[in-house]
1. Within the stretch 15-35, does at least one residue satisfy the condition of being among the hydrophobic types (A, V, I, L, M, F, W, C), farther than 27 Å from Asn118 by Cα, at pLDDT 85 or above and buried (at least 21 other Cβ atoms within 10 Å of the Cβ)?
2. Exactly one condition in (1) of a type in the set (Val, Ile, Thr); (2) modelled with pLDDT of 85 or more; (3) open to solvent by less than 100 Å² (accessible area, probe 1.4 Å) is false for Ile223; which is it?
3. Restricting to the stretch 246-266, name every residue that is of a type outside the set (S, T, N, Q), at pLDDT below 75, open to solvent by 60 Å² or more (accessible area, probe 1.4 Å) and part of a loop (DSSP other than H, G, I, E, B).
4. Which members of the stretch 191-203 meet the condition of being at pLDDT 75 or above and either at positive phi or β-branched (Val, Ile, Thr) (or both)?
5. Given (1) touching a strand residue (DSSP E or B) at 6+ places or on another chain (Cβ under 9 Å); (2) in contact (Cβ under 8 Å) with a residue 12 or more places away in the chain, where does Asn73 come up short, assuming only one miss?
6. Please give the number of the condition Cys60 fails out of (1) free of Cβ contacts under 8 Å to residues at least 40 places away in the same chain; (2) under 22 Å from Val189 (Cβ atoms); (3) in contact with an Asp or Glu (Cβ under 9 Å, 6 or more places away or on another chain).
Amino acid sequence: MFRKDRNFKIDNSNSDISGGGGSIIYINKRCEASLASSFLNAPDSLAVNINTSGGLISICCIYRSTSLNVQQNSVLLSCIKSISAERNDYETILIGDFNLPNVSWDNGTVNSKISCKNKFMMTQQEFMDVFNDNGLTWYFTNDTARRRLVKDTLQESLLDQVLYTNDALVNGCKIVSPLGRSDHVGIIVDLVVSPSTNTSVKQKVLKPIWGKVSSEKLLNISINDINWDYSSTNNVQDMWAELHCKLEAVAATVPSASVYLDNRPVKLPWSSTA
């Protein structure tokens, strides 16, 4: 499956050959897959739904060009919100070139002043807000995903990223050599699931949808409704059990949805046992 929504020429060339952009997903013939309709409007990007041993997983291939206008960026943001939060019967993995060079992936912040009115910086902040609000976790922090020579100067940056709604799905990611003449390194994502061959009846369970509750609401609940004092400070195990109950009380306020999980791994924000 291939998608490319823009036509442009290579710099300093009269050729009509494109200078880049677009997304492509190759799917093994063993996989049961379909095009994700919620991502059809995303510029230069596409997504597929794949049946796996862990249930349905949506895999999105992203290319966000810096030449996208405000409306196109808004459409891409809406598609990411939709596929990662609004439908709760599958997990989502987003892979690709997000072109967010000013993001510090160690802490998920944009390296700019709070009052900054620069549109490029503000767009990067909008993407980070969507990632955080919809419970997306990113894998790479300070790794280099792109190396290229610009006027005899080597530029290194992390423009490619892997994000997911359930970090228990991902065993790890490995950076490998570029494919062909690409100036982006390759990324191999090792998942804990495999193409599904199971046709048995799926089991439904409740899954918390963290993207449906704001951090402000959770903070207010934590401050106003939870007593953070301990009944005893003499035993570490008793204190941990008490803290676990307090965290579960906060988690109980998060909306949940009935989803098909089958063997899908589930990882909570904290331990599920005291």
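1. no
2. (3)
3. If we filter the stretch 246-266 for residues that are of a type outside the set (S, T, N, Q), which is where we start, we get 246-252, 254-255, 257, 259-262, 264-266.
Those still in the list that are at pLDDT below 75 too: 257, 259-262, 264-266.
Going one step further and asking which of them are open to solvent by 60 Å² or more (accessible area, probe 1.4 Å), we end up with 260, 266.
Val266 - this is the single residue of the stretch 246-266 that is of a type outside the set (S, T, N, Q), at pLDDT below 75, open to solvent by 60 Å² or more (accessible area, probe 1.4 Å) and part of a loop (DSSP other than H, G, I, E, B).
4. Keep residues of the stretch 191-203 that are at pLDDT 75 or above, which gives 191-194.
Passing the criteria: Val192, Val193.
5. Against the list (1) touching a strand residue (DSSP E or B) at 6+ places or on another chain (Cβ under 9 Å); (2) in contact (Cβ under 8 Å) with a residue 12 or more places away in the chain, Asn73 comes up short only on (1).
6. (3)
Matching residues to (1) among the small types (Gly, Ala, Ser); (2) at pLDDT 85 or above; (3) out of contact with any Ser or Thr (no Cβ under 6 Å at 6 or more places or on another chain); (4) part of a strand (DSSP E or B):
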| residue | (1), (2), (3), (4) |
| --- | --- |
| Leu149 | no, no, yes, yes |
| Asn171 | no, yes, yes, yes |
| Ile175 | no, no, yes, yes |
| Pro178 | no, no, yes, no |
| Val189 | no, yes, yes, yes |
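The values are calculated or read from the model by the stated rules, or taken from the named source; none is laboratory data. No experiment lies behind these values; they were computed from the predicted model shown. Methodologically, a virtual Cβ is constructed for each residue, glycine included, from the backbone with ideal geometry; neighbour enumeration extends over all protein chains shown. Each accessible area value is taken on the protein alone, full model and side chains, heavy atoms only, with ligands, DNA and RNA left out. Shrake-Rupley method; radii C 1.70, N 1.55, O 1.52, S 1.80 Å.
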